[in-house]
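Please read the structure below before turning to the comments.
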Ligand code: SF4
Ligand code: SF4
């Protein structure tokens, strides 16, 4: 991983030198229920199509729309929760996009202490449960640092 001095010295690392505490809370679906864009990398679409037992082209036509470059969005109204959210959680959990599996460790969220603390209002898992060492957080941030997340 390349060195990022801005991140290495940010206020979040100073406040939490050992890492960040986060554990998704059983039964919670708050982050999926908020209307917004869910990005899907073109490289993620084949597994999703296979999950549905669909041909890739048919899956893309039915469930995705182009965003930019090799990034799609899940095709749903902008003012509605994610179309794959059910009463019991994510219907495509096993193949959910990286945007979902890396939450809350997105570049913007770990940029400084205020950004991370602000997430508490949205996500009850912030500051609770598992301690994620910075080495793990850095790996996740690196993985999600593409296209719309840069
Ligand atoms: S808001 Fe947080 S605790 Fe709730 S589902 Fe999302 S990640 Fe899990
Ligand atoms: S794909 Fe699944 S995890 Fe991602 S926002 Fe939709 S319901 Fe939530």
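Points to keep in mind about this one:
- Residues (under 19 Å from the mean Cα position of the chain (by Cα) and crowded, with 19+ Cβ neighbours inside 10 Å) located in the stretch 45-70: 45, 48, 63, 64
- Listed by position, the strands (runs of 3 or more DSSP E) enclosed by the stretch 57-136 that each have at least 1 residues that are within 18 Å of residue 35 (Cα to Cα), within 13 Å of ligand 2 (Cβ to nearest atom) and touching a helix residue (DSSP H, G or I) at 6+ places or on another chain (Cβ under 9 Å) are 64-68, 71-74.
- The residue of the stretch 95-117 that is surrounded by the most Cβ atoms within 10 Å (Cβ to Cβ), among those that are within 16 Å of ligand 1 (Cβ to nearest atom) and more than 20 Å from residue 150 (Cβ to Cβ), is 96.
- Some residue of the stretch 32-41 being buried (at least 18 other Cβ atoms within 10 Å of the Cβ), part of a helix (DSSP H, G or I) and within 9 Å of ligand 2 (Cβ to nearest atom): yes
- Which listed residue is within 16 Å of ligand 1 (Cβ to nearest atom) and on the phi > 0 side of the Ramachandran plot, from 69, 89, 19: 89
- Pairs, first within 18 Å of residue 101 (Cβ to Cβ) in the stretch 15-28, second in a loop (DSSP other than H, G, I, E, B) and more than 9 Å from ligand 1 (Cβ to nearest atom), C-beta under 8 Å, six or more apart: 20/105; 20/110; 22/105
Laboratory data are not the source of any read-out in this text; all were calculated from the coordinates shown. All values reported here derive from a predicted model rather than from experimental measurement. As a convention, Cβ positions derive from the backbone with ideal geometry for all residues, glycine included, and neighbour counts pool all protein chains shown.
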